[in-house]
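The values are calculated or read from the model by the stated rules, or taken from the named source; none is laboratory data. These numbers come from a predicted model, not from an experiment. Neighbour counts are summed over all protein chains in view; Cβ atoms, including those assigned to glycine, are modelled from backbone coordinates with ideal geometry. For the accessible areas, the whole protein counts, side chains as well, though only heavy atoms, and no ligand, DNA or RNA atoms are used. Shrake-Rupley method; radii C 1.70, N 1.55, O 1.52, S 1.80 Å.
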Amino acid sequence: MHRKISDRLFERACRVIPGGVNSPVRSGRSVGVRPFFVKEAKGCRIRDEDGNVYIDYVCSWGPLIAGHAPVQVVEAVMKAAAGGTSYGIPSRLEVELAEQVAALVPSMEMIRMVNSGTEAVMSAVRLARGFTGRNKVIKFNGCYHGHSDCLLVASGSGLATFGIPGSPGVPEELVQHTMSLRYNDLDVVEEAMEHMGGDVAAIVLEPVAGNMGVVPPRQGYLEGLRRICDRYGALLIFDEVITGFRVALGGAQERYGVKPDLTCLGKIIGGGLPVGAYGGRRDVMQRVAPEGDIYQAGTLSGNPIAMAAGLAMLDIVRRDGVYEELEEKASHLAAGLGRAAEEAGVPMTLNRVGSMGCGFFSRHPVTDFETAAQSDTRAYAVFFREMMERGVYLAPSQFEAFFVSLAHEKEDLDATVEAAGEAFRATAAVLEAP
Ligand SMILES: *Cc1c(COP(=O)(O)O)cnc(C)c1O
């Protein structure tokens, strides 16, 4: 497989775009590759500029639950675009999408559209702070909520850390109210709330973590957080930017039966276009301007093309049997990968919830960021490269999810498992070498 055209494009990109990419993990640095450049994509396959074809398990990091360029979404986008690309004036599509979301995710009584997941969570946190009149926010190690300042908090080795910015350029003053705790551990939350519960505006989390690999919530964890929030008058915010319309039609809150006060959506809701949304309890959402006093705005929010794409995507996932099909496909793939790893003697811990999953190169159960971090990232990098050479594109990081879409057919999954068998053997050989 050669990638001469991609390599030339990457050289050009690096001169005008930092690191050659518009989002860091795409660069492939953590697995030791240069990125390829996409020419086109359809279904579960991507063709790069050099004509190489890959079965794609990144799926644009989650939005493409129906694969690349599904006919319904493409047609909806073209039709909408012909009627104008942006109005800055309300249009029918915004109402329809908001109504659909409210019907599918009942805790979202009112909804505000934004342009990204980052914006959705940032706005939800502002709203929670404004509504409660409190400043502190609890998040969890390994959960990603976009790159807004107050949520970009790195945290130490499982210890509660206060106010350590995750990046230069984030002033300590801006994150001093953000506390990051161990995921899946109710005791640390209880303890933190005993100290400062009266100052906590919100507990925000990914109800299934998807940015440290995939880590499902322990039984009773989400219910426990709900109880704690109720006891202390803090809002519970589910960041369902990945899990919304992914792990069930109604998201993780439907799958686990726990109702948050506010929900953040992104990815699938935009059908592959830049959309985010936040919403929840009517009494809380009524505080958003202009109905209320908490400011949040957006020039392109509710963009007609993006709304049309979102509506078309929801039409697809609302069909009967979609989530059963995804479950079946993903469990078929996961079982095959598990077998292939075992046969090659490569230790692997496979976490999966519906059509999102992660194979950690680890002998141990992975239940939080601290255990995820014990994975052998060198082994993952080898495996990733071996898979890429065999025409399978996985996330270029151990700590990202794989996504199975409706466009992955049984033959694609079987071809993937076969490639994985060879790739695991190659990985084992490299790891055994002195
Ligand atoms: C992707 C993601 C975000 C950020 O969304 P963007 O559209 O990239 O800004 C926020 N939260 C979670 C859980 C995500 O996976």
Taking region 231-265 and the residues there that are part of a loop (DSSP other than H, G, I, E, B) and at positive phi, the one that is nearest to the ligand (Cβ to nearest atom) would be Phe245
Condition set away from the ligand (no atom under 13 Å from the Cβ) and among the hydrophobic types (A, V, I, L, M, F, W, C), scope region 122-154, selection nearest to Leu205 (Cα to Cα): answer is Ile138
Original post:
Is region 289-299 home to any residue that is part of a helix (DSSP H, G or I), within 24 Å of Ser91 (Cα to Cα), outside the structural domain of Arg352 (by TED's automatic domain parsing) and open to solvent by less than 20 Å² (accessible area, probe 1.4 Å)?
Top reply: no
*asked:* Residue under question is Gly310, and the condition is that it be outside any strand (DSSP E or B), in contact with a His (Cβ under 9 Å, 6 or more places away or on another chain), of a type outside the set (D, E, K, R) and at pLDDT 95 or above; does it hold?
replied: no
Expected output for region 134-155 (first residue under 12 Å from Asp239 (Cβ atoms) and not assigned by TED's automatic domain parsing to the domain that holds Gly197, partner assigned to a helix (DSSP H, G or I) and more than 13 Å from the ligand (Cβ to nearest atom), Cβ below 9 Å, 6+ apart or cross-chain) is none
Exercise. Evaluate region 203-216: report whether one residue or more is within 16 Å of the ligand (Cβ to nearest atom), open to solvent by 10 Å² or more (accessible area, probe 1.4 Å) and more than 29 Å from Ser86 (Cβ to Cβ).
Key: yes
Flagged pairs (Cβ under 7 angstrom, 6 or more apart or on separate chains; first in region 108-123, part of a strand (DSSP E or B); second near the ligand (Cβ under 9 Å from one of its atoms) and open to solvent by less than 40 Å² (accessible area, probe 1.4 Å)) are Met113/Val275; Val114/Ala120; Val114/Gly276
Scanning region 4-31 residue by residue, those modelled with pLDDT under 95 and open to solvent by 40 Å² or more (accessible area, probe 1.4 Å) turn out to be Ser23, Pro24, Val25, Arg26, Arg29, Ser30
Listed by first then second residue, the pairs whose first member lies in region 1-27 and is part of a helix (DSSP H, G or I), whose partner is open to solvent by less than 40 Å² (accessible area, probe 1.4 Å) and aliphatic (A, V, I, L, M), with beta carbons under 6 Å and at least 6 positions apart or on separate chains, are Gly20/Ala13; Ser27/Val21
Residue hits (region 98-121; β-branched (Val, Ile, Thr), under 18 Å from the mean Cα position of the chain (by Cα) and either more than 20 Å from Tyr256 (Cβ to Cβ) or within 13 Å of the ligand (Cβ to nearest atom) (or both)) are Val114, Thr118, Val121
Scanning region 309-345 residue by residue, those touching a helix residue (DSSP H, G or I) at 6+ places or on another chain (Cβ under 7 Å), of a type outside the set (Asp, Glu) and open to solvent by 50 Å² or more (accessible area, probe 1.4 Å) turn out to be His332, Gly345
Output for Cβ contacts, cut-off 7 Å, separation at least six or different chains, first residue more than 12 Å from Lys259 (Cβ to Cβ) and at pLDDT below 95 in region 227-245, second hydrophobic (A, V, I, L, M, F, W, C) and within 13 Å of the ligand (Cβ to nearest atom), reads none
